[in-house]
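Laboratory data are not the source of any read-out in this text; all were calculated from the coordinates shown. Not measured: the values here are computed from a predicted model. Positions of Cβ are backbone-derived with ideal geometry, glycine not excepted, and every protein chain shown enters the neighbour counts.
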Amino acid sequence: MPDRGGGPTRPRMRVGRPSRRVRTLLLTLGVLAALAMLFVMFAGFWTDWLWYRSVDYSSVFTTTLGTKIGLFAVFGMLMALVVGANMWLAHRLRPPLAAMSMEQQSLDRYRMSIAPYKKWALLAVTALVGLVAGASAAGQWRTWLQWVNAVPFGRQDPQFHKDISFYTFDLPWYRFLLSFGFAAAVLSLVAAALVHYLYGGLRLTSPGERATAAATGHLSVLLGLFVGLKAIAYWLDRYGLAVKSSGLKSTDGWTGLRYVDANAFLPAKTILFIIALICAVLFFATLWRRTWQLPVIGFGLMVLSAVLIGGLYPAIVQKFQVQPNEQAKEAPYIKKNITATREAYGIDDADVKDYAGTSTTDDKNTLRAETDATTSLRLLDPNIVSPTFQQRQQVRDYYQFPSTLDVDRYKVDGKEQDTVIGLRELNLKGIPERNWINDHFKYTHGYGAITASGTSITSEGEPQFTNGELPTKGILGSYEQRVYYGEKTTQYSIVGGPQQEVDYSENGGEKAYSYEGKSGVSLSNPVNRAAYAVAFGEPQILYSGAIGDGSRILYNRTPKERVEAVAPWLTIDGDAYPAVIGDRIQWIVDAYTTSNGYPYASRTTLGDTTADSLTTGQRAVVAQQNQVNYIRNSVKATVDAYDGTVRLYQWDTEDPVLKTWMKAFPGTVKAKSEISGKLLDHLRYPQDLFKVQRELLTRYHVVEPGTFYTGSERWQVPDDPTNKSGNAVPPYYLSMKMPDQKAPTFSLSTTFTPKGRENLGAFMAVDADARSADYGKIRILKLPAQSPVFGPKQMQSKFNSESKIANELNILKRGDSEIEYGNLLTVPLSGGLLYVEPVYLRGANTNFPLLKKVLVSYGKEAVLADSLDQALDQVFGAKGSESGKQQPPPESGQQKPVPDATVAQATKDALGAYEESQKAMANQDWAAYGKAQQALKEALERLQKAEEAAEKGGRPGS
């Protein structure tokens, strides 16, 4: 266009459109961003695959991933096809636009704007719903694998007479399919309705017909499918009543049918099923009748029936038939619930016997002798002595022990005894200088297992270490002491390359070491290094010169973490414990199979029932599902502390849930017969299972429906009286003998108090020795209600209120010293109950407790003494053996305890000789006097030799 002066036209400058160079740059940046995102996704996938391959469980990774991909693809594609097909069909059934109404004319601009992109819009909508549906289906991989590999239980439910597997494996999958069907029907209905409305098949405000015949037929079929699915839901709801949770008087977590369910809800569901089928047929009939009248009437009838038959009628039955005589009406169903619950939790063979609670004999000598014969009272509390282990056996700041130690059994001089054990693990906070190289290359592992006798201490109140020092020496013999995998080892380490590791301190210097194990993932491949640099957010992994040929990265290093990863279908016990088996340290991990679908069995919440005063985040149960109503300790797992090897062993050979998972993941679980004898020596009954069972037994020790209904014999787990946390008392491991046992056995025990009261209601113990023929046998001693026996809290109050005891403890607490009470052990003894509680003193100038006193009570007697033997002697007024007495420290290195019998016998002989000499002097029998003096001299010489041997031994770690 010429300008006003008539000159030549100027080219107009283009504004707002980027140059080719800018477009190329933006495109390049977009491609790079996309590639970066893809590599991040690839890094997560690739590092997972490398880790599973490194632990020889690649089949778990491939099976799990393949199942997720398969479910994602099948159900995502199915949802996309269903919704897309209905949108396409609605478009095909659109009416001609020749005579559009005003309403449709207003929608014309929307149709015009969509028209060029309708194929892309269809693909976008179907892809979106497909992705969402596929992701939801992929999350059901456990449900699918259980359904397709289901193993029957061989037991039927009492209402429908179906195998238990129908409820645990089949019903959850059917419910998923049903929910998927509902989602597909609803999304298709909404999508089709929108398309019909947009293209004139549906009208909201225009005069005349609101819907075309084609739209009416299409939507009615979809509604018919929805109602048909509702009919199937009503039918499945009938079986769902067997696993439905509901309330019942005096009962928490009740599951299963009640009277109103069997006599009102069950027939109501059947009637509603029939009505829904009829209603669905009426909707389908609109294809020929072309009217909504009948289906709308049918649908209204179904809704009304759901309110009257499904809601009002059961309420009337409950109000006028059940409530006036609820106990009698519910008795048969309570009985079914009791039977199923006891079976599901493995408490059906619990042996409940009445127990007097008071001694059946007045013979003090007999009681004193029986104390030594029936129990090995563990004075050393693993929950308190960790700071003492830390002080005496830490050696270097970069080592640490767990806050709660473990109790196991080891042989000392050929005799098995309760032993407290803890591993000296790595403590990064104690490294002299923190940096990336030190944290991940130089300080990589702990060193050694430390053990102490559970039943004896030194004369100073310290643990009597039976394996100690650095490197450790003692009862464990020669073994691989390096701890690369442990409860405290949560960081990754890079080992085996050019960078040497700190092994341990020797002669004032640090000994170097290079990892020789086969665990971990190789970093010699640059792709692997790049993947781990991205996965861990640590770019130095990619270019650090400390990484070279032979470098391997170790991660997922806690025992529970490794077992959970290789067996994601297991629930992991909160307390993994170490044991020296042969020449290696092995972590032993108890694992459970669980279900939430056992008919009639009441549910429990694992997180709540397994919590006690000692539960921490590290010792919490790792649960796949928190609400369960079936549990079995089906798997015993081990994790090698040096090379991280994970082994799963079948423990419960009858568990159908484990058999199902073994079909799904063949070859991952070894047969029970492959458990070695040395490993079997250290297997024990797991604490979390015991805590679940004891919680259920507070109610389900009762088998008579009437008593169960009234709740008159309900128990509760008492709070821990030794601290102010207000949490449940933990169960305790110790060797003891129940009244019907012939000899003491390694056991796990707890106490109960009546609901709302503090006196003792019952004592429970389970045989925890895996070698025992009675392993897992639950024994309960039920105390009489008419003659109350002190419970744990009352006994603690008695100890604190006894004036003599209180005065001695106040003297002990002089200055800023603090008293800490150890585990309050309860042991049945000759009809009565013996309470034993160690008393620890944490001095003002020390940061670790020492065992200084022992509290003992039996019957009405309560005493405080310097040693267990002294306390027992005072309680029973009789002299017993010397077991459990405070002892001088054993010989360094070997850590063998001083033979108590030698000291005791020498002391006894010296006292006897002294008394004989006094008698001879009084009678002026100088020959007898000379013999007595000679005997006294010999006894004192023996005593002196024993003391000299103790002095030469010293104290380990001091």
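Treat the count of other C-beta atoms within 10 Å as a stand-in for reagent exposure and order Arg21, Arg552, Arg771 from fewest to most.
Arg21, Arg771, Arg552
Expected output is a single nm value to one decimal: the length gained when fully extending between Lys518 and Val352, i.e. 0.36 nm times separation in residues minus the C-alpha distance. What is it? Working shown, then result.
Working: separation 166, 0.36 × 166 = 59.76 nm, distance 5.06 nm.
Result for the pair: 54.7 nm of gain on full extension.
Once the principal axes of the Cα atoms of the chain are found, what is the range along each, listed largest first in whole angstroms?
147, 90, 56
State the Cα centre-to-centre distance between the range 644-675 and the range 758-793 in whole Å.
What the calculation gives is 32 Å, centre to centre.
Can you compute the modelled spin-label distance between Gln491 and Ile278, with each label point 7 Å from Cα toward Cβ, in nm?
A separation of 7.3 nm, rounded to one decimal place.
Let's test the formula: R0 of 56 Å, r as the Cβ-Cβ distance of Leu304 and Asn727. What FRET efficiency results, to the nearest 0.05?
0.65
Could you go through the range 856-868 in sequence order and give the Karplus-derived ³J(HN,Hα) for each residue, using 6.51 cos²θ - 1.76 cosθ + 1.60 with θ = phi - 60°, rounded to whole Hz, and x for Gly and Pro?
Running phi through 6.51 cos²θ - 1.76 cosθ + 1.60 with θ = phi - 60° gives 9, 9, 8, x, 8, 8, 9, 9, 10, 9, 6, 9, 5 Hz.
When only C-alpha pairs under 8 Å and at least 6 residues apart count, what is the relative contact order of the range 468-514, in percent?
Details: 26 pairs, mean separation 11.3, N = 47.
Worked out over the range 468-514, it gives 24 percent.
Among Tyr515, Val22, Phe848, pick out the residue whose Cα is farthest towards the positive end of the charge dipole of the chain, where Lys and Arg carry +1 and Asp and Glu carry -1 on C-beta, about the Cα centre.
Val22
Show that you can apply the helix-only estimate: for the chain, add -39,500 (n - 2.57) for every DSSP H stretch of four or more residues, divide by all residues, and state [θ] at 222 nm to the nearest 500.
On the way: 27 runs with 388 residues, N = 958.
That calculation yields -13000 deg cm²/dmol at 222 nm.
May I ask you to derive the FRET efficiency for Ala121 and Tyr543 from their Cβ-Cβ distance with R0 = 51 Å, giving the value to the nearest 0.05?
0.60
Can you give me the long-range amide H partners of Gln464? Hydrogens built in the peptide plane at 1.01 Å from N, cutoff under 5 Å, separation of 5 or more residues or another chain.
Ser453, Thr458
Let me know the shape class of the range 464-541, please: from the alpha-carbon gyration tensor, a ≥ b ≥ c as square roots of the eigenvalues, rounded when a/c is under 1.5, otherwise prolate if a/b is greater than b/c, or oblate.
prolate
Which residue, Ser493, Ala280, Val717, has the largest displacement toward the positive end of the dipole of the chain when charges sit on each Cβ (Lys, Arg +1; Asp, Glu -1)?
Ranked along the dipole, the leading option is Ala280.
Under 1.5 on a/c is rounded, so check that first for the range 702-759, then, if it is not, pick prolate when a/b is larger than b/c and oblate when it is not; a ≥ b ≥ c are the square roots of the alpha carbon gyration tensor eigenvalues.
It comes out oblate by the Cα gyration axes.
Just want the ordering: Ser522, Ser478, from fewest to most Cβ atoms lying within 10 Å of their own Cβ.
Fewest-to-most ranking of Ser522, Ser478: Ser478, Ser522.
Sort the following peptides by mean Cβ neighbour count (other Cβ atoms within 10 Å, averaged over residues), highest first: 652-658, 590-596. Mind dumping the intermediate values first?
Details: 652-658: 19.4, 590-596: 24.1.
Highest mean packing first, the order is 590-596, 652-658.
How far apart, in nanometres, would the label points at Arg175 and Lys244 be if each is projected 7 angstrom from Cα along the Cα-to-Cβ direction?
Taking the two extended label points, one gets 1.2 nm.
What shape does the range 732-823 have by the C-alpha gyration tensor, where a ≥ b ≥ c are the square roots of the eigenvalues, rounded means a/c under 1.5, and otherwise prolate means a/b greater than b/c and oblate the rest? Please report the intermediate quantities before stating the final value.
Details: a/c = 3.08, a/b = 1.63, b/c = 1.89.
Because a/c hits 1.5 or more and a/b fails to exceed b/c, the range 732-823 counts as oblate.
Provide the gained length on full extension for the span Phe182 to Asp816, in nm with one decimal, where the gain is 0.36 nm per separating residue minus the Cα-Cα distance. Walk me through the numbers on the way to the answer.
Details: separation 634, 0.36 × 634 = 228.24 nm, distance 6.90 nm.
Gain on extension, Phe182 to Asp816, equals 221.3 nm.
Can you tell which of Ser801, Val129, Gln140 lies farthest toward the positive end of the dipole of the chain, using +1 and -1 charges on the Cβ of basic and acidic side chains (Lys, Arg; Asp, Glu)?
After comparing all options, I get Val129.
For the chain, give the magnitude of the charge dipole about the Cα centre (Cβ charges: +1 Lys/Arg, -1 Asp/Glu; no others), in debye to the nearest 20.
The calculated dipole for the chain is roughly 5720 debye.
If I take R0 = 35 Å and measure r between the Cβ atoms of Asn626 and Thr360 in this structure, what FRET efficiency does the formula 1/(1 + (r/R0)^6) give, to the nearest 0.05?
Numbers: r = 45 Å, r/R0 = 1.28.
For Asn626 and Thr360, the calculated efficiency is 0.20.
Order these by the 10 Å Cβ neighbour count, fewest first: Val502, Val589.
Fewest-to-most Cβ neighbours within 10 Å comes out as Val502, Val589.
In nm, to one decimal, how far is the Val703 label point from the Glu808 one, both placed 7 Å along Cα→Cβ?
Result for the modelled spin labels: 4.5 nm.
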